[in-house]
Amino acid sequence: MKKTSVYIETYGCQMNLADTEVVLGVLNSKGYKVADNIEDAGIVLLNTCSIRENAEQRIYGRLGNLKKLKDKNPETVIGILGCMAERLRDDLVDKRKMVDLVVGPDEYRRIPEYIDEAFGGGKGIGVKLSRTETYDDIIPYREEGLSAWISVMRGCDKFCTFCVVPFTRGRERSRNLESVVEEIKQLSERGFKEVTLLGQNVNSYNDNNRDFADLLAAAASVDGSIRVRFTTSHPQDLSDKLLYTIAEYPNLCNYIHLPVQSGSNRILELMNRTYTIEHYLNLIGKAKKIIPGVSFSTDIISGFPTETFEDHLMTLDVMEKVRYDGAYMFKYSAREGTKAYKMEDDVDDTTKTKRLNEIIDLQQRISYEVNQELIGKEEIVLVEGFSKKSDLFYSGRTDSNKVVVFPINKEINVGDYVRTKITRATSGTLFADDSNLVQVRSVRESITA
Ligand code: SAH
Ligand code: SF4
Ligand code: F3S
C-alpha cells in the first residue's frame, strides 16, 4: 500500500465522471498516482450520487465491502466525494463512523489537505458549497481516448420539487468561455474526436453575457472534426438562438436530451418544472423544423405523489407524440429535504412499478420503430472500436448518438469518420453491411451529399 496511490470509483451522472477527472487532476499535480487496483491504493474514494434512494443504498453496500479492506490495511484512507458528502456527512462520519474523509463537489481543490488530515489521524471534512468555484484553471486528468466530458457550468437553481441536486451541488455558476475553448483545443491536439459539454442545466450557461448558444458556437469552431454534444437541457430555457446555432454548425450534434418528467400539466406544476406540455411539444415541433433530422431523448418519473392513472396515460401520450430515440425512466423516490418529501408518497410501489414497466415497454417499441425507419438511409459514424460481440465488427456512433455496428475494413481505423448504409436495426443498435471513409471537413456531411 502506498500513501500516494489513489483509487476512485465513480457513481451517478456524467458530472460526477467529469469531477473525478478534476479530482485526479488536482491530486496528480501534487504527486499522487492512480492505483492500478484497489489493494495497492493508500486512498480509496467513492464519488457518490444521491439522486434516488437506491443510489445511496448501493454506496452504503460498497462501504460495507471496503470495511474488509480497511481491516486488512488499517492505514488506508476511505473517503466519500460527491453528492452524498453534502447530504450525509454527519451520518457517515459521526454516526456510522464509516469513513475518514468526506469532501463535497465544491471543495475538490483542497482535497490534498483533507487527505493529509486523514493520514494524520483526523477526519478530512470539506462540504462547503461555493457560489463561484468552477475549477476553470484545473486540467482534468484524462486517459487517451476519443471522447471527453467537459463540465461548463455547475449547480442548479431550478429546484424541481423531487430533486436533491440544488442541495448537493449548490447555486448555478458558469465557467469562463475561453477556458472551455482552450480545453477543447488541447483535446483536439491529443486526437480527441468528441466532447460533451456538461451541466445540470446547460441552457442557463452565462459568462459575461455570453450564453450557451455562444459557447456552443465557439466550441464547434475549434476543430471541425470534433463532434460537440451537450447535456442536460431544460425545456424552460431552450432558446430559438440555440436551435439555430445547432442547425448552423455541422459538428454540433443534432441530438437534444430534453427531460419531460411527466405528461400531465398538474403533475408538472407539482414538480415545479415551470413549463406545460403544450409549451414542451411546441418546442419539440420548432426544433424539428429548425434542425432537420434532430432527435430527442428524455427522462421520465413514474409515480410522483398524487399521480393518477389519467396522469400516467398523459405521459404515455407525450411519448407517442414526440417519439423519443431513447429515455431514462425512473420510479419516483422521495428524498429528504426536498419539497416533494413533504407530500405524501401515495402511489404504492406495485403501481409505480407497473406504470414504469408500461413506460419502458412503450419506449422500447418506439425506439424499435424509429430505428426501422433508418433502414436504407446513410449515416456518418465516428468509429469507436470493436463491437462488443466480435472483433470482426466495428462499432461507432451517429450524430444522433445511435450505435452502428459494421464489418471491419483495412482502410478504416478507430477515430475515423465513415459513411454507412443501414441495413438492419433493433431497438438499441443499427447494423450496416459496408462502410466508406469520409473525408472530414464536416462531420455531419449531409446525408444527401
Ligand atoms: N438536471 C437534469 C438531470 C437531473 S437528475 C435535468 O433537469 O433533467 C436526472 C434525472 O433523475 C432527472 O431528470 C429525473 O428524471 C430523475 N430524478 C431526479 N430526482 C428523482 C427522484 N427523487 N426520484 C426519481 N427520479 C428522479
Ligand atoms: Fe434537479 Fe430539476 Fe435541477 Fe434537473 S433542473 S438538476 S431535475 S432541480
Ligand atoms: Fe447524482 Fe449528484 Fe449527479 S445526485 S445524478 S451525482 S448531480
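The values are calculated or read from the model by the stated rules, or taken from the named source; none is laboratory data. All values derive from a computational prediction rather than experimental measurement. Methodologically, a virtual Cβ is constructed for each residue, glycine included, from the backbone with ideal geometry; neighbour enumeration extends over all protein chains shown. Side chains included, ligands, DNA and RNA excluded: accessible areas come from the protein's heavy atoms. Shrake-Rupley method; radii C 1.70, N 1.55, O 1.52, S 1.80 Å.
Here are a few things to note about the model shown:
- Separation of the N282 and L313 label points, Cα + 7 Å toward Cβ, nm: 2.6
- Averaged over its residues, the stretch 147-372 has an accessible area of 39 Å² per residue, based on protein heavy atoms and a 1.4 Å probe.
- For R424 and Q186, a Förster radius of 41 Å and the Cβ-Cβ distance give a FRET efficiency of 0.55, rounded to the nearest 0.05.
- Of the trypsin sites (Lys or Arg not before Pro) in the stretch 390-427, the ones in a loop by DSSP (not H, G, I, E or B) with at most 11 other beta carbons within 10 Å are K410.
- Separation of the V414 and K342 label points, Cα + 7 Å toward Cβ, nm: 5.2
- Highest-first arrangement of 8-17, 127-136, where packing means the average Cβ count within 10 Å: 8-17, 127-136
- Distance between the stretch 251-315 and the stretch 109-177 - C-alpha centres, whole angstrom: 29
- Pairwise FRET efficiency - D299 versus K72, Cβ, R0 = 60 Å, nearest 0.05: 0.90
- Neighbourhood net charge (13 Å Cβ-Cβ; Lys/Arg +1, Asp/Glu -1) for N371: +1
- Heavy-atom accessible surface of the chain: percent carbon and sulfur, 1.4 Å: 49
- Cβ distances below 4.7 Å define possible disulfide partners, and in the chain the cysteines left without one are C13, C49, C83, C156, C253.
- Computed helical MRE - 222 nm, the chain, DSSP H runs ≥ 4 contributing -39500 (n - 2.57), nearest 500: -10500 deg cm²/dmol
- Of interest is the spacing of the C-alpha centroids, which for the stretch 2-22 and the stretch 37-70 amounts to 12 Å.
- For trypsin sites (Lys or Arg not before Pro), the sites in the stretch 1-37 that DSSP calls loop and that have at most 14 other Cβ atoms within 10 Å are K30.
- Accessible surface area normalised per residue over the stretch 1-123 is 44 Å², counting heavy atoms of protein chains with a 1.4 Å rolling probe.
- Exceeding the 26 Å Cα-Cα cut-off - candidates K67/K354; K2/K72; K30/K97; K286/K377; K193/K402: K67/K354; K30/K97
- The length gained on full extension between K33 and F393, counted as 0.36 nm times the residue separation minus their Cα-Cα distance, comes to 126.1 nm.
- Once the Cβ-Cβ distance of N436 and T132 is raised to the sixth power relative to R0 = 41 Å, the FRET efficiency obtained is 0.25.
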